[in-house]
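J.: This is the structure, below, for whatever I ask next.
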Amino acid sequence: MSQRTVEEVNEKIRSGKANVFTITQLKDAIRNEEEISFDDVDVVTTGTCGIMSGTAAILHIPVTKPGEFKKAKSIFLNGVPAFPGPCPNEYLGSVDIIVYGTQHSLNNPDYGGGFLFKDFLSGEKIELDLESIDGERFKKTITIDEIGGGQLIGTRMAFKNYTAFINPKGDKVNSIFNSIPMEGKLKGLSFSGCGEYNPLQNDPKQNVINEGTKILLNGSKGIILGNGTRSSNDKPNLMLSADFLDMDDEYIGGFKTGAGPEVYDTIAIPIPVLNEEILENLLILDEDVKLPVADIHGRHLPITEITYGDVWKDSDNRPKFHPDKFDEFENETIKNNCPTLAINDNGTINFDSCFGCGLCATLSTTGAYTQKLNNVQLEINNEKKDVPIVCRQSDRQRALKIATKLKKLILDGKFEL
Ligand code: SF4
């Protein structure tokens, strides 16, 4: 059996002789029925982007001169509550804090930790409000340049794909699994998961994706700490960490859902092809990756099953805006519902923020926004139902972008496995 070691792959990278594929280059070659042998490929860069609720940032923030307060009792950043500690930082005038990506602002129900992370990374001024244990208040604005250190940790990230959701009852359900409350019997399907791009889907036995594996997390070089919370053999996920201050704001941000703001992240993981089994696992396509469809009232109960081919095939990554169909009244609703606040007052889309979720096209009755999202055929109680996809909570465009960035870093000799 053909084999190579990670060190041998790194040697090939150093000598400029490594064959590195992005995940789409490999899958396109498979679809084109090209022969892919062990000798043709040394590394494949996989990627995923989606809502990852286990995201938290640990930040060290200067507040006053040393000695001006003893310890922090509470701290808010743009109204988002953070947790002071674990270090007491007694009389330092600065605080260590942990901020959850899922934490909601007390001032604005549409703002939370994910939006705060993006604002920090894009250089925005952040309003800080601290109360000490002795009741003193300190308010100031800070920017990322003043932060003394920061690390992002994800307790459960990059699940081996996920689930789709429908509402079989039709009542109104506020859930993090749809960008707006889901109502109407079988009116639509939302789903998460990047299908054939997904790292663990391409290494399901975790032959190479393991504790210590180097990764890109939101553009920053990071590491796998181990498997994440709730990880199981059937549904593995990963605990990851990377330097927050090195992250790129385009890969992380807030995403409004029916149950309040959440956070999304983007991850690339290299898969070195060390043996034939690893290559074999990489050959899987969307059409072979199962996507369970569950009741949004109880996500543990799959009702039926489709594939990632059904939801991603031939769909558009991003919506189109048609100014001639712009309607001010409709736009107000769509703009307010856009999960990543990507729509401007004049209807144009800020594509740096857009997630490609499809909600604007779903909500638009004037045709001002269009995006090809698929319909899926569901078999429920022996009846066939045609259900439109109304929201995608994963973004393959960002997933591919980070997988491409990782390939370039490897080829430039800036990222060793
Ligand atoms: S697809 Fe539409 S609704 Fe979704 S993030 Fe982009 S602009 Fe907003």
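J.: Please work out which one of (1) of a type outside the set (V, I, T); (2) without any contact (Cβ under 8 Å) to a residue 40 or more places away in the chain; (3) not in a loop (DSSP other than H, G, I, E, B) is the condition L106 fails and give its number.
T.: Against the list (1) of a type outside the set (V, I, T); (2) without any contact (Cβ under 8 Å) to a residue 40 or more places away in the chain; (3) not in a loop (DSSP other than H, G, I, E, B), L106 comes up short only on (3).
J.: Could you look through the range 364-377, keep only residues that are near the ligand (Cβ under 10 Å from one of its atoms) and in contact (Cβ under 8 Å) with a residue 40 or more places away in the chain, and pick out the one that is nearest to P323 (Cα to Cα)? Give the derivation first.
T.: The initial filter retains those residues of the range 364-377 that are near the ligand (Cβ under 10 Å from one of its atoms), namely 364, 369, 371, 373.
Narrowing further to those that are in contact (Cβ under 8 Å) with a residue 40 or more places away in the chain: 369, 371, 373.
Working: Y369: 9, Q371: 15, L373: 21 Å.
Across the range 364-377, the extreme among qualifying residues is Y369.
J.: Among the residues of the range 329-377, how many are in a helix (DSSP H, G or I) and of a type in the set (F, W, Y)?
T.: Narrowing the range 329-377 to residues in a helix (DSSP H, G or I): 329-337, 359-363.
If we keep only those that are of a type in the set (F, W, Y) as well, we get 329.
Count: 1.
J.: Further question on the same structure: Yes or no: the range 223-241 includes at least one residue that is β-branched (V, I, T), buried (at least 24 other Cβ atoms within 10 Å of the Cβ), assigned to a loop (DSSP other than H, G, I, E, B) and in contact with a strand residue (DSSP E or B) (Cβ under 8 Å, 6 or more places away or on another chain). Spell out how you get there, then give the answer.
T.: Taking the range 223-241 first, the residues β-branched (V, I, T) are 223-224, 229.
So of that shortlist, the ones also buried (at least 24 other Cβ atoms within 10 Å of the Cβ) come out as 224.
Now restrict to residues that are assigned to a loop (DSSP other than H, G, I, E, B): none.
No, because not a single residue in the range 223-241 is β-branched (V, I, T), buried (at least 24 other Cβ atoms within 10 Å of the Cβ), assigned to a loop (DSSP other than H, G, I, E, B) and in contact with a strand residue (DSSP E or B) (Cβ under 8 Å, 6 or more places away or on another chain).
J.: Follow-up. Kindly list the number of the only condition in (1) of a type outside the set (F, W, Y); (2) more than 8 Å from the ligand (Cβ to nearest atom); (3) under 25 Å from Y197 (Cα atoms) that fails for A361.
T.: (2)
J.: Is it fair to say N381 is out of contact with any strand residue (DSSP E or B) (no Cβ under 6 Å at 6 or more places or on another chain), under 20 Å from L186 (Cβ atoms) and either more than 9 Å from the ligand (Cβ to nearest atom) or not hydrophobic (A, V, I, L, M, F, W, C) (or both)? Lay out the reasoning, then the answer.
T.: Numbers: out of contact with any strand residue (DSSP E or B) (no Cβ under 6 Å at 6 or more places or on another chain): yes; under 20 Å from L186 (Cβ atoms): yes; either more than 9 Å from the ligand (Cβ to nearest atom) or not hydrophobic (A, V, I, L, M, F, W, C) (or both): yes.
It is true that N381 is out of contact with any strand residue (DSSP E or B) (no Cβ under 6 Å at 6 or more places or on another chain), under 20 Å from L186 (Cβ atoms) and either more than 9 Å from the ligand (Cβ to nearest atom) or not hydrophobic (A, V, I, L, M, F, W, C) (or both).
J.: Of everything in the range 311-324 that's surrounded by fewer than 15 Cβ atoms within 10 Å (Cβ to Cβ) and outside any loop (DSSP other than H, G, I, E, B), which residue is farthest from the ligand (Cβ to nearest atom)?
T.: D324
J.: Show the residue pairs that are 6+ apart or on different chains and have beta-carbon atoms under 7 Å apart, the first residue being within the range 339-354 and within 13 Å of Y369 (Cα to Cα) and touching a residue at least 24 places away in the same chain (Cβ under 8 Å), the second being part of a strand (DSSP E or B) and more than 7 Å from the ligand (Cβ to nearest atom).
T.: So the pair list comes out as G347/F321; T348/F321; I349/F321.
J.: List the strands (runs of 3 or more DSSP E) inside the range 10-90, counting only whole elements, that have at least 2 residues being surrounded by fewer than 16 Cβ atoms within 10 Å (Cβ to Cβ).
T.: Details: elements: 20-22, 43-51, 55-62, 72-77, 80-84.
Passing ranges, in order: 72-77.
J.: Same structure, new question: From the set of residues in the range 141-157 that are in a loop (DSSP other than H, G, I, E, B) and touching a residue at least 24 places away in the same chain (Cβ under 8 Å), which is surrounded by the fewest Cβ atoms within 10 Å (Cβ to Cβ)?
T.: Step one: list which residues in the range 141-157 are in a loop (DSSP other than H, G, I, E, B), which gives 143, 147-148.
From the residues that got through so far, the ones that are touching a residue at least 24 places away in the same chain (Cβ under 8 Å) too are 147-148.
Numbers: I147: 18, G148: 11.
Of everything passing the filter in the range 141-157, G148 is surrounded by the fewest Cβ atoms within 10 Å (Cβ to Cβ).
J.: Among the numbered conditions (1) within 14 Å of the ligand (Cβ to nearest atom); (2) hydroxyl-bearing (S, T, Y); (3) within 16 Å of Q393 (Cβ to Cβ), tell me where Y308 comes up short.
T.: Y308 satisfies all of (1) within 14 Å of the ligand (Cβ to nearest atom); (2) hydroxyl-bearing (S, T, Y); (3) within 16 Å of Q393 (Cβ to Cβ) except (1).
J.: Another question about this same structure. Anything in the range 158-200 that is assigned to a strand (DSSP E or B) and within 22 Å of the chain's Cα centre (by Cα)? List them, or say none.
T.: Within the range 158-200, the subset assigned to a strand (DSSP E or B) is 164-166, 173, 182, 189-191.
If the condition is that a residue be assigned to a strand (DSSP E or B) and within 22 Å of the chain's Cα centre (by Cα), then A164, F165, I166, M182, L189, S190, F191 are the ones that fit.
J.: Here's a follow-up. Mind listing whichever residues of the range 277-328 are over 26 Å from K172 (Cα atoms) and in contact with a Pro (Cβ under 7 Å, 6 or more places away or on another chain)?
T.: Once the filter is applied, which keeps residues that are over 26 Å from K172 (Cα atoms) and in contact with a Pro (Cβ under 7 Å, 6 or more places away or on another chain), the range 277-328 yields only N281.
J.: Here's a follow-up. K335 - would you say it is over 24 Å from G193 (Cα atoms), within 11 Å of the ligand (Cβ to nearest atom) and surrounded by 14 or more Cβ atoms within 10 Å (Cβ to Cβ)?
T.: Working: over 24 Å from G193 (Cα atoms): yes; within 11 Å of the ligand (Cβ to nearest atom): yes; surrounded by 14 or more Cβ atoms within 10 Å (Cβ to Cβ): yes.
Here the answer is yes, as K335 does meet what is asked.
J.: Among the numbered criteria (1) away from the ligand (no atom under 12 Å from the Cβ); (2) part of a strand (DSSP E or B); (3) within 30 Å of K27 (Cα to Cα), which single criterion is violated by C391?
T.: It is condition (1) that C391 fails.
J.: Which one is farthest from L291 (Cα to Cα) among residues in the range 217-257 that are touching a residue at least 60 places away in the same chain (Cβ under 8 Å) and touching a Pro at 6+ places or on another chain (Cβ under 9 Å)?
T.: Only one residue fits best here, namely G254.
J.: Consider only pairs whose beta carbons are under 7 Å apart and that are at least six residues apart or on different chains; among these, list those whose first residue lies in the range 1-27 and is within 11 Å of D42 (Cβ to Cβ) and whose second residue is at pLDDT 95 or above and part of a strand (DSSP E or B).
T.: So the pair list comes out as V6/P272; V9/V43; V9/P272; A18/V43; V20/V43; V20/T45; F21/V44.
J.: Report whether or not I402 is β-branched (V, I, T) and either within 12 Å of the ligand (Cβ to nearest atom) or within 25 Å of P302 (Cα to Cα) (or both).
T.: Values: β-branched (V, I, T): yes; either within 12 Å of the ligand (Cβ to nearest atom) or within 25 Å of P302 (Cα to Cα) (or both): no.
So I402 does not fit the description; no.
J.: Out of all the residues in the range 278-285, is one or more part of a helix (DSSP H, G or I) and within 16 Å of the ligand (Cβ to nearest atom)?
T.: Our first condition is that a residue be part of a helix (DSSP H, G or I); within the range 278-285, this holds for 278-282.
Applying the additional criterion that residues be within 16 Å of the ligand (Cβ to nearest atom) yields none.
No, every residue in the range 278-285 fails to be part of a helix (DSSP H, G or I) and within 16 Å of the ligand (Cβ to nearest atom).
The values are calculated or read from the model by the stated rules, or taken from the named source; none is laboratory data. Since we're looking at a predicted model, the values are computed, not measured. In this analysis, Cβ positions are derived from the backbone assuming ideal geometry, glycine residues included, and neighbour counts consider all displayed protein chains.
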